[in-house]
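*Asks:* Here it is: the structure, laid out below.
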Amino acid sequence: MAEIQTEQNETLFIQHFREESRPLGYYLREMAGYTALKKAFGMSSDEIIGEMKKSNLRGRGGAGFPTGMKWGFIPKQSAKPKYLVCNADESEPGTFKDRDIMRYTPHVLIEGMVIGGFAIGAHSGYIYIRGEYVREAKLLNDAIDEAYAKGYLGKNILGSGFDFDLTVHRGAGAYICGEETALLNSLEGKRGEPRVKPPFPAISGAFAGPTIVNNVETLAAVPFIINKGGDWFAKLGRLEKSGGTRLIGVSGHVKKPGLYELPSGGITLRQLIYDHCGGVLGDKKLKAVIPGGSSAPVLTADEIDVVYDIDPMMKIGSMLGSAAVMVVSEEMCVVRLLIRITKFYAHESCGQCTPCREGTRWMEDVLERIEHGSGREQDLNLLLDIADNINGKTLCALGDAAAGPVMSFVKKFRADFEAHIRSGKCPNA
Amino acid sequence: MPKCIIDGREVEFTPGQNLVEVAKKVGIQIPFFCYHPGLTVVAQCRMCAVEIEKMPKLQTACSTPAADGMVVKTRSEKVIQAQKATMEFLLINHPLDCPVCDKAGECDLQDFSFKYGDAYSRYTEEKRTYLDLDMGPVIKKNMNRCIHCTRCIRFGTEVAGIHEMVAVRRGNSTEITTVDGRPLETDYAGNYADLCPTGSLTLKDFRFKKRVWFLKRTSTICEGCARGCNMTIHQDNNVIYRCTPRENMEVNKYWLCDEGRFNFRYVNEESRVTVPMARGEVDWDAALAAARNALSGKKVAVLVGSDLTQEEAQLLLQFVPRHLGEAPLYHFGTPGIRSPQDDMPADRILKRKSKTANLHGLEKLGLKGFEALPSGTQAVLLVRGGRARLPELKGVVTVGVGVFRADEAQGFAAVLPGASFAEKDGTIVNFEGREQHLRRAINPPGQSKLLSEILMVWANSKGGTHV
Ligand SMILES: Cc1cc2nc3c(=O)[nH]c(=O)nc-3n(C[C@H](O)[C@H](O)[C@H](O)COP(=O)(O)O)c2cc1C
Ligand code: SF4
Ligand code: SF4
Ligand code: SF4
Ligand code: FES
């Protein structure tokens with residue numbers, strides 16, 4: 001990893017994450033606000049999508065799908081209206097990056113959405129924001145009002161002839177509504193349950209019209225790409241096929257938790273934890289790292305020399321997910337930690353499909369039993385089996401999100417689980 | 001035609017067909033719960049998982065359209081393991097009370113458990129339970145047996161046109177129930193019991209009356225209206241226990257309305273006249289004599305129920321001129337519905353306004369709808385299959401042939417008890433002109449006879465012709 005530099009990294013967002021940055025005036029003055037939009041209006045849809053492809057921007061919502069390619073799936077002609085939807089549900093435990101974009105630089109998101117709408121031919125946009133983000137929803141609405149007042153939203157934007165309306169839609173507190181098709185159901189006023197794919201939203205999404213769903217951070221990158229070019233953005237990243245910077249949320253047992261912005265693929269997990277975050281709290285030994293939101297399979301202290309980006313993380317059997325890193329010191333009981341995670345996914349399962357509805361709760365029950373002293377020797381294999389019977393066999397990825405932690409924790413920390421079962425309680429308690 | 005390969009066998013398919021249907025064509029069963037050919041595909045139960053070459057994950061056959069050259073395995077090790085897993089998941093919270101469940105013997109959950117599941121479960125935690133819910137007169141709910149396939153919800157919104165079944169709460173606590181726990185409103189509610197793959201939704205009318213393996217089935221047609229839905233009569237020992245829909249994509253798809261489904265009840269009813277009557281129970285000879293007597297020398301009109309079959313109506317068309325002289329014939333059946341033009345759709349689903357099955361057939365035979373008796377009419381011969389609504393007749397002597405309730409036949413000079421739709425064979429013609437066939441499921445009860453027999457003894461018995 002000799003080439004990896006951590007100095008003089010260019011950042012797009014984080015220097016603006018201050019209260020003063022919020023007003024439109026700041027955005028126009030300090031961030032070249034709405035100049036990308038003007039530029040985009042001089043480009044064709046294909047040219048914009050071409051820049052997006054060149055940028056190597058990959059979705060920041062979790063799956064890392066190339067954004068330009070996704071936009072390219074939208075049919076040029078459509079009898080039904082097209083939609084651009086921003087996924088601001090940000091509910092994966094550990095994740096708090098989209099919040100700051102909406103809180104401090106809402107206009108960059110708005111501008112990104114108008115450009116996105118123009119590129120795919122959508123005249124309506126929605127920001128689906130998690131219900132708990134009460135303040136952010138209000139700030140977004142204020143910014144949207146400002147944008148309407150100045151003609152950046154609404155009819156004939158900047159004299160271009162292009163119309164675009166933007167609406168903030170608040171969720172009602174379900175994690176599953178961050179899954180894009182459940183989000184669309186919820187947006188339509190239906191029960192928040194994922195839909196069978198195909199059809200993918202690009203073909204039939206919101207109100208059955210062609211729809212792009214992108215994460216907040218993804219859409220907020222768009223103005224930078226249009227202004228400075230796809231090639232420039234691609235070069236911000238340090239790996240092939242992964243452009244731009246990443247907002248990384250670090251929490252747990254580190255000395256300096258918080259939000260970091262670093263080049264995509266620019267550091268290893270070890271550098272992140274020890275160089276940027278000052279190491280483990282109280283200089284304890286590192287026990288584990290949950291590297292990409294709580295659904296990401298856990299890593300042991302020996303596995304953190306991995307480059308922290310989409311492909312390398314996948315290669316070692318985990319994922320970058322929403323780039324939320326949770327650091328776990330030796331003082332934390334991994335059994336309790338896994339129970340907490342499993343409870344979450346069981347609680348948030350929509351209940352539609354069999355393996356997730358039945359299996360997540362079963363895993364939770366078995367883990368609870370182990371924690372409360374009535375674990376049995378065969379429980380660990382049972383847990384692995386249940387998780388395996390869920391993994392890859394559900395309707396949406398929430399099943400995998402529940403199975404991944406169980407499989408990785410039990411496999412990697414089996415001794416801790418066995419000790420619990422043998423002694424009928426937490427040996428460290 | 002494009003072809004795919006399923007378990008090593010080449011199968012032709014029509015583009016758009018899913019793998020469950022394509023496999024079925026060559027006799028390969030892919031088990032499924034949430035899929036129903038008459039409802040949208042949701043791929044929720046995961047029972048239909050199959051392995052498809054070049055795809056790393058198992059795919060759900062119900063939501064996968066066959067593609068040219070696709071290679072599918074329905075019995076690979078991975079598939080068998082997934083089926084076992086799904087069965088295990090579905091059963092961990094199931095009461096497994098098949099011995100006291102009315103669905104046993106025709107339960108997909110039971111059958112697939114036997115075929116694709118393991119005999120043994122690893123579940124030792126407490127089972128999830130729900131409170132029961134009164135869903136009104138048609139359906140009994142036992143939520144503990146529900147496998148959350150959502151067929152009922154989709155039937156309500158997509159077929160019955162009413163969003164009355166819903167899922168509430170979520171995850172493991174998801175409950176399938178009605179909106180606010182209200183009773184069901186649709187008049188197609190019986191279908192909920194048919195399409196529920198478990199004993200969660202059962203028919204109140206049928207449950208615990210008979211274990212299904214004792215029932216004998218006869219394919220026939222519903223006589224409840226002019227659509228003529230295809231259905232099956234289930235009987236044992238000459239008693240009808242229930243009627244269920246029979247698939248016919250051109251007539252009723254997979255469904256029956258409640259009125260048609262429960263129409264059979266009159267067949268077994270106590271009050272049905274099943275012995276010859278002439279102001280009291282008499283034998284056939286005396287009843288026939290009374291009937292002839294009542295009509296003899298009078299100006300007679302013949303009213304033919306449009307619940308009769310074509311064959312029965314044709315017999316009457318021959319019989320009447322020979323034995324009742326000039327007597328005119330009219331058909332009757334539904335108040336206000338006298339001609340095919342009156343028979344409009346009664347709802348947006350199946351029902352027709354003509355509440356008898358053979359209005360269109362009788363019109364084809366030249367009979368006209370009854371409006372009023374020709375003036376001077378003194379006597380009426382009323383012939384009915386059982387369902388036609390009797391017209392109000394005043395100041396005439398009436399002889400009834402066919403199926404009547406005792407109270408209906410009160411003032412009749414004679415009743416010659418006949419056979420209901422379930423007791424005879426014959427042709428009926430539906431609103432689209434489709435000829436369909438009633439099949440005899442049970443014997444006419446008591447001393448009732450088929451119309452052909454009644455007319456024959458009438459014609460041949462002492463006293464000869466009327467004229
Ligand atoms: C259970 C589940 C929860 C999700 N939650 C979120 C979320 O809160 N925010 C988000 O942007 N994407 C979330 N996703 C991913 C979305 O489905 C979708 O892939 C993403 O919004 C696409 O945007 P992107 O291409 O910009 O990453 C979730 C996915 C799953 C399966
Ligand atoms: S995997 Fe879970 S959350 Fe996703 S559709 Fe199935 S039950 Fe719902
Ligand atoms: S009640 Fe029956 S049809 Fe409805 S979801 Fe449950 S199992 Fe399926
Ligand atoms: S719609 Fe008519 S034919 Fe069909 S079940 Fe109902 S009554 Fe019978
Ligand atoms: S039948 Fe295919 S998932 Fe239920």
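The values are calculated or read from the model by the stated rules, or taken from the named source; none is laboratory data. For clarity, every value in this text was computed on a predicted model and none was experimentally measured. Note that we place each Cβ from the backbone using ideal geometry, even for glycine, and neighbour counts take in every protein chain shown. Note: accessible area is taken over every heavy atom of the protein model, side chains too, but ligands, DNA and RNA are not part of it. Shrake-Rupley method; radii C 1.70, N 1.55, O 1.52, S 1.80 Å.
*Asks:* Return yes when B:Met87 is modelled with pLDDT under 95 and over 25 Å from B:Phe206 (Cβ atoms) and no when it is not.
*Replies:* Numbers: modelled with pLDDT under 95: no; over 25 Å from B:Phe206 (Cβ atoms): yes.
In short, no.
*Asks:* Tell me, which residue of the stretch B:150-171 that is small (Gly, Ala, Ser) and either part of a strand (DSSP E or B) or in contact with a helix residue (DSSP H, G or I) (Cβ under 9 Å, 6 or more places away or on another chain) (or both) is nearest to ligand 1 (Cβ to nearest atom)? Walk me through how you get there before you give the answer.
*Replies:* So the first thing to find is which residues in the stretch B:150-171 are small (Gly, Ala, Ser), and the list is B:156, B:160-161, B:167, B:171.
Among the residues that remain, those that are also either part of a strand (DSSP E or B) or in contact with a helix residue (DSSP H, G or I) (Cβ under 9 Å, 6 or more places away or on another chain) (or both) are: B:156, B:160, B:167, B:171.
Numbers: B:Gly156: 27, B:Ala160: 32, B:Ala167: 18, B:Gly171: 12 Å.
Applying the filter and picking the extreme gives B:Gly171.
*Asks:* A follow-up question, please. Could you please give the count of residues in the stretch B:32-61 that are farther than 30 Å from B:Gly161 by Cβ, assigned to a loop (DSSP other than H, G, I, E, B) and more than 16 Å from ligand 2 (Cβ to nearest atom)? Lay out the reasoning, then the answer.
*Replies:* Filtering the stretch B:32-61 down to residues farther than 30 Å from B:Gly161 by Cβ leaves B:49-59.
Applying the additional criterion that residues be assigned to a loop (DSSP other than H, G, I, E, B) yields B:53-58.
Pick out the ones that are also more than 16 Å from ligand 2 (Cβ to nearest atom) and you get B:53-56.
So the answer is 4.
*Asks:* Residues to consider are A:Ala397, A:Ala387; find the one that is closer than 24 Å to A:Ser322 by Cβ and surrounded by fewer than 21 Cβ atoms within 10 Å (Cβ to Cβ).
*Replies:* So the residue among A:Ala397, A:Ala387 that is closer than 24 Å to A:Ser322 by Cβ and surrounded by fewer than 21 Cβ atoms within 10 Å (Cβ to Cβ) is A:Ala397.
*Asks:* Does B:Ile147 count as within 14 Å of chain A (Cβ to nearest Cβ), assigned to a strand (DSSP E or B) and touching a residue at least 12 places away in the same chain (Cβ under 8 Å)?
*Replies:* On the way: within 14 Å of chain A (Cβ to nearest Cβ): yes; assigned to a strand (DSSP E or B): no; touching a residue at least 12 places away in the same chain (Cβ under 8 Å): yes.
The answer is no for B:Ile147.
*Asks:* Within the stretch B:274-293, can you find the residues that are part of a loop (DSSP other than H, G, I, E, B) and open to solvent by less than 50 Å² (accessible area, probe 1.4 Å)?
*Replies:* Here is the first cut: in the stretch B:274-293, the ones part of a loop (DSSP other than H, G, I, E, B) are B:274-276, B:278-280, B:282-283.
Selection gives B:Thr274, B:Val275, B:Pro276, B:Ala278, B:Gly280, B:Val282.
*Asks:* Out of curiosity, is A:Arg195 closer than 28 Å to B:Thr40 by Cα and of a type in the set (Lys, Arg)?
*Replies:* Numbers: closer than 28 Å to B:Thr40 by Cα: yes; of a type in the set (Lys, Arg): yes.
Criteria met by A:Arg195.
*Asks:* Can you work out which of the residues in the stretch B:12-31 that are within 14 Å of another protein chain (Cβ to nearest Cβ) and in a loop (DSSP other than H, G, I, E, B) is surrounded by the fewest Cβ atoms within 10 Å (Cβ to Cβ)?
*Replies:* B:Gly16
*Asks:* Return yes when A:Glu240 is open to solvent by 20 Å² or more (accessible area, probe 1.4 Å) and either outside the structural domain of A:Ala36 (by TED's automatic domain parsing) or within 21 Å of the chain's Cα centre (by Cα) (or both) and no when it is not.
*Replies:* Working: open to solvent by 20 Å² or more (accessible area, probe 1.4 Å): yes; either outside the structural domain of A:Ala36 (by TED's automatic domain parsing) or within 21 Å of the chain's Cα centre (by Cα) (or both): yes.
In short, yes.
*Asks:* Additional query: Among A:Glu217, A:Glu240, which is at pLDDT below 95 and more than 14 Å from chain B (Cβ to nearest Cβ)?
*Replies:* Numbers: A:Glu217 fails: at pLDDT below 95.
Only one candidate passes the filter, namely A:Glu240.
*Asks:* Now for a separate question. Tell me which of these B:Cys62 doesn't satisfy, since it passes every other one: (1) within 14 Å of ligand 5 (Cβ to nearest atom); (2) out of contact with any Leu (no Cβ under 8 Å at 6 or more places or on another chain).
*Replies:* The failed condition is (2).
*Asks:* Would it be correct to say that B:Asp118 is part of a loop (DSSP other than H, G, I, E, B), outside the structural domain of B:Thr186 (by TED's automatic domain parsing) and farther than 15 Å from B:Ser200 by Cα? Even if it seems obvious, please write down each step before you answer.
*Replies:* Numbers: part of a loop (DSSP other than H, G, I, E, B): yes; outside the structural domain of B:Thr186 (by TED's automatic domain parsing): yes; farther than 15 Å from B:Ser200 by Cα: yes.
So B:Asp118 fits the description; yes.
*Asks:* Within the stretch A:370-401, track down each residue that is part of a helix (DSSP H, G or I) and either facing chain B (nearest Cβ under 9 Å) or under 22 Å from A:Tyr175 (Cα atoms) (or both). It would help to see each step written out before you state the result.
*Replies:* Step one: of the stretch A:370-401, the residues part of a helix (DSSP H, G or I) are A:370-371, A:379-390, A:398-401.
Across the stretch A:370-401, the qualifying residues are A:Leu382, A:Asp385, A:Ile386, A:Ala387, A:Asp388, A:Asn389, A:Ile390, A:Leu398, A:Gly399, A:Asp400, A:Ala401.
*Asks:* Of all residues in the stretch A:189-216 being out of contact with any helix residue (DSSP H, G or I) (no Cβ under 6 Å at 6 or more places or on another chain) and charged (D, E, K, R), which is most open to solvent (accessible area, probe 1.4 Å)?
*Replies:* Looking at the filtered set, the residue picked out is A:Lys190.
*Asks:* Then there's this: State all residues of the stretch B:158-176 that are open to solvent by 10 Å² or more (accessible area, probe 1.4 Å), touching a residue at least 24 places away in the same chain (Cβ under 8 Å) and over 23 Å from A:Tyr175 (Cβ atoms); if no residue qualifies, say none.
*Replies:* Listed by number, the residues that qualify are B:Glu158, B:Val159, B:Ala160, B:Gly161, B:Ile162.
*Asks:* Please enumerate the residues belonging to the stretch A:54-73 that are closer than 15 Å to A:Ile120 by Cβ, part of a helix (DSSP H, G or I) and open to solvent by 50 Å² or more (accessible area, probe 1.4 Å).
*Replies:* Scanning the stretch A:54-73 gives a single hit, A:Met69.
*Asks:* Look at the stretch B:311-327 and say how many of its residues are surrounded by fewer than 17 Cβ atoms within 10 Å (Cβ to Cβ) and not acidic (Asp, Glu).
*Replies:* 6
*Asks:* Could you please let me know if A:Glu51 is surrounded by fewer than 21 Cβ atoms within 10 Å (Cβ to Cβ), in a helix (DSSP H, G or I) and among the acidic types (Asp, Glu)? It would help to see each step written out before you state the result.
*Replies:* Details: surrounded by fewer than 21 Cβ atoms within 10 Å (Cβ to Cβ): no; in a helix (DSSP H, G or I): yes; among the acidic types (Asp, Glu): yes.
Answer is no for this residue.
*Asks:* Within the set of pairs 6 or more residues apart or between chains, which connect a residue that is more than 10 Å from B:Ile52 (Cα to Cα) inside the stretch B:70-81 to a residue that is polar (S, T, N, Q) with Cβ atoms less than 9 Å apart?
*Replies:* Listed pairs, sorted by first residue: B:Gln81/A:Asn389.
*Asks:* Are any residues in the stretch A:411-422 open to solvent by less than 60 Å² (accessible area, probe 1.4 Å) and without any contact (Cβ under 8 Å) to a residue 60 or more places away in the chain, and if so, which ones?
*Replies:* Step one: of the stretch A:411-422, the residues open to solvent by less than 60 Å² (accessible area, probe 1.4 Å) are A:413, A:416-417, A:419-421.
Scanning the stretch A:411-422 gives A:Ala419, A:Ile421.
*Asks:* In addition: For the stretch A:217-236, which residues satisfy the criterion of being open to solvent by 10 Å² or more (accessible area, probe 1.4 Å) and not in a helix (DSSP H, G or I)?
*Replies:* First, the residues of the stretch A:217-236 that are open to solvent by 10 Å² or more (accessible area, probe 1.4 Å): A:224, A:227-229, A:231-232, A:234-236.
Within the stretch A:217-236, just A:Gly229 meets the criteria.
*Asks:* Can you pull out the residues in the stretch B:101-123 that are open to solvent by 80 Å² or more (accessible area, probe 1.4 Å), at pLDDT 95 or above and out of contact with any Pro (no Cβ under 8 Å at 6 or more places or on another chain)? Steps first, answer last, please.
*Replies:* Of the residues in the stretch B:101-123, the ones open to solvent by 80 Å² or more (accessible area, probe 1.4 Å) are B:114-115, B:118-120.
Checking the rest, the ones that are also at pLDDT 95 or above come to B:114-115.
Within the stretch B:101-123, B:Phe114 is the sole residue that qualifies.
*Asks:* Does A:Gly404 satisfy the condition of being more than 10 Å from ligand 2 (Cβ to nearest atom), closer than 23 Å to B:Gln44 by Cα and either in contact (Cβ under 8 Å) with a residue 24 or more places away in the chain or in a loop (DSSP other than H, G, I, E, B) (or both)? Before the answer, list the steps.
*Replies:* Values: more than 10 Å from ligand 2 (Cβ to nearest atom): yes; closer than 23 Å to B:Gln44 by Cα: yes; either in contact (Cβ under 8 Å) with a residue 24 or more places away in the chain or in a loop (DSSP other than H, G, I, E, B) (or both): yes.
Taking the combined requirement at face value, the residue satisfies it.
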